[in-house]
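K.L.:
The structure's right below; bear with me while I get my questions together.
The values are calculated or read from the model by the stated rules, or taken from the named source; none is laboratory data. These figures come from a predicted structure and were not determined experimentally. Note that we place each Cβ from the backbone using ideal geometry, even for glycine, and neighbour counts take in every protein chain shown.
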Amino acid sequence: MATLVPYRSRPHPGAGPVLLVSSVGGHFTELELVVDALRIDRADRHWAVARHIQTEDRLAGEDVTWSPLVQSREYGKAMRNLRFAMALHRRLRPRLLVSTGAAQAAPHLIAAARSRTPIVYVESVARLDGPSITGRLAASLPNVRLLAPQPGWPKPWAFELDAFSAFEVRPTGTTSPVTSVLVALGSEQFPFDRAVHAVERVLPPTVEVTWQVGNTDCADGLARNRWLTTTELTTAMARADVVITHAGAGSILTALAAGKVPVVLPRRAGRGEHRDDHQVRMAQGLAARGLAVDAGSPEALSLEHLRLAGALQVTRSSQPISVVGTDQIVA
């Protein structure tokens, strides 16, 4: 992997900031990592994202334009936001658009192309087989640099950024009993009841559990956190002995950033838990890299998975995630 070449601000008389666009959830978490990798200064950037408990918390003090919320694959709604995106681009005159997708970004990609604004499009790490619909849209536009999440994609896609390489895993050298667990089921539109039932089946009643269940409604009447702010979530992850998550990119990256190798429970499309089975393959791939403990399915979850994860610790790599030549697009 090539070494880091940071984004460098260059004087453009009358040009505006670097515009940062993504959907909420994992796409936003990935965008934060990209911004860090490109070293885009706070004074030199502007965010265009939907107002959400995650984004409100993380973007306090930042320059933000709250955009109408677009969920996964809501491309009709996204195109209805094109007028909003065009007005924002006319007002800001961004000199560069950086996006990690998904549907939320589509109108901004079109607005950037119409304004002849250079684009850096970073495909989600969840895309294992090829670009998303938004990625294919980005690839059809002029003046765009396309970054693939893994090697082997055909040109013009280039593997120049690996978000997961920002983390190193080491054994703690000790084995301690599990007394506290954080369970995060992400911001997906789909319920994940099997995960809730599996955790409750496996954990002894003496274990303290902090929940973030998102769109999962449980019929047992017990109170669980539907959402946590990013600060609350990362703090709870750092304090917990073990983190259990669905195999969503954002939840896994958040756990790793909090110093935890998560136990992952992949969602399955056949169970109505997602649109496809990319989480299954993501869990397997990250487990092979030592960045996750893959339980395979909620029904297979055991205390052994928790013990394995609890015996590992995560630190930031001395080599930051690799980005090559992204400053050239604003030359």
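K.L.:
Could you list all residues from the stretch 240-265 that are among the small types (G, A, S) and assigned to a helix (DSSP H, G or I)?
P.N.:
Scanning the stretch 240-265 gives A249, G250, S251, A255, A257.
K.L.:
Looking at (1) surrounded by 14 or more Cβ atoms within 10 Å (Cβ to Cβ); (2) outside any strand (DSSP E or B), find the lone condition where T231 falls short.
P.N.:
Looking at each condition in turn, T231 falls short on (1).
K.L.:
Same structure again: State whether the residues of the stretch 202-211 include one that is in the same structural domain as L59 (by TED's automatic domain parsing) and either assigned to a loop (DSSP other than H, G, I, E, B) or touching a His at 6+ places or on another chain (Cβ under 8 Å) (or both). Working first, answer last.
P.N.:
Here is the first cut: in the stretch 202-211, the residues in the same structural domain as L59 (by TED's automatic domain parsing) are none.
The answer is no; no qualifying residue exists.
K.L.:
Continuing with the same structure: Out of the residues in the stretch 282-299 meeting the condition of being assigned to a helix (DSSP H, G or I) and closer than 15 Å to E200 by Cβ, tell me which one is nearest to the chain's Cα centre (by Cα). Walk me through it before giving the result.
P.N.:
At the first step, the residues of the stretch 282-299 found to be assigned to a helix (DSSP H, G or I) are 282-288, 298-299.
Next, only the ones that are closer than 15 Å to E200 by Cβ stay: 298-299.
Values: P298: 22, E299: 26 Å.
Filtering the stretch 282-299 for residues that are assigned to a helix (DSSP H, G or I) and closer than 15 Å to E200 by Cβ, the one nearest to the chain's Cα centre (by Cα) comes out as P298.
K.L.:
Inspect the stretch 41-55 for any residue being surrounded by fewer than 19 Cβ atoms within 10 Å (Cβ to Cβ), more than 30 Å from Q189 (Cβ to Cβ) and either modelled with pLDDT under 90 or not assigned by TED's automatic domain parsing to the domain that holds V98 (or both) and give the result as yes or no.
P.N.:
No, there is no match, as no residue in the stretch 41-55 is surrounded by fewer than 19 Cβ atoms within 10 Å (Cβ to Cβ), more than 30 Å from Q189 (Cβ to Cβ) and either modelled with pLDDT under 90 or not assigned by TED's automatic domain parsing to the domain that holds V98 (or both).
K.L.:
Within the stretch 16-35, track down each residue that is closer than 14 Å to L253 by Cα and outside any loop (DSSP other than H, G, I, E, B).
P.N.:
Once the filter is applied, which keeps residues that are closer than 14 Å to L253 by Cα and outside any loop (DSSP other than H, G, I, E, B), the stretch 16-35 yields G26, H27, F28, T29, E30, L31, E32, L33, V34.
K.L.:
State all residues of the stretch 122-151 that are in a helix (DSSP H, G or I) and of a type outside the set (D, E, K, R); if no residue qualifies, say none. Please lay out each step first, then the result.
P.N.:
Of the residues in the stretch 122-151, the ones in a helix (DSSP H, G or I) are 133-139.
Once the filter is applied, which keeps residues that are in a helix (DSSP H, G or I) and of a type outside the set (D, E, K, R), the stretch 122-151 yields I133, T134, G135, L137, A138, A139.
K.L.:
For the stretch 182-195, enumerate the residues that are assigned to a helix (DSSP H, G or I) and either acidic (D, E) or surrounded by fewer than 24 Cβ atoms within 10 Å (Cβ to Cβ) (or both). Even if it seems obvious, please write down each step before you answer.
P.N.:
First, the residues of the stretch 182-195 that are assigned to a helix (DSSP H, G or I): 193-195.
Hits for the stretch 182-195 are D193, R194.
K.L.:
Let me ask something additional. Of the conditions (1) at pLDDT 95 or above; (2) part of a loop (DSSP other than H, G, I, E, B), S72 fails just one. Which one is it?
P.N.:
(1) is the only condition that S72 fails.
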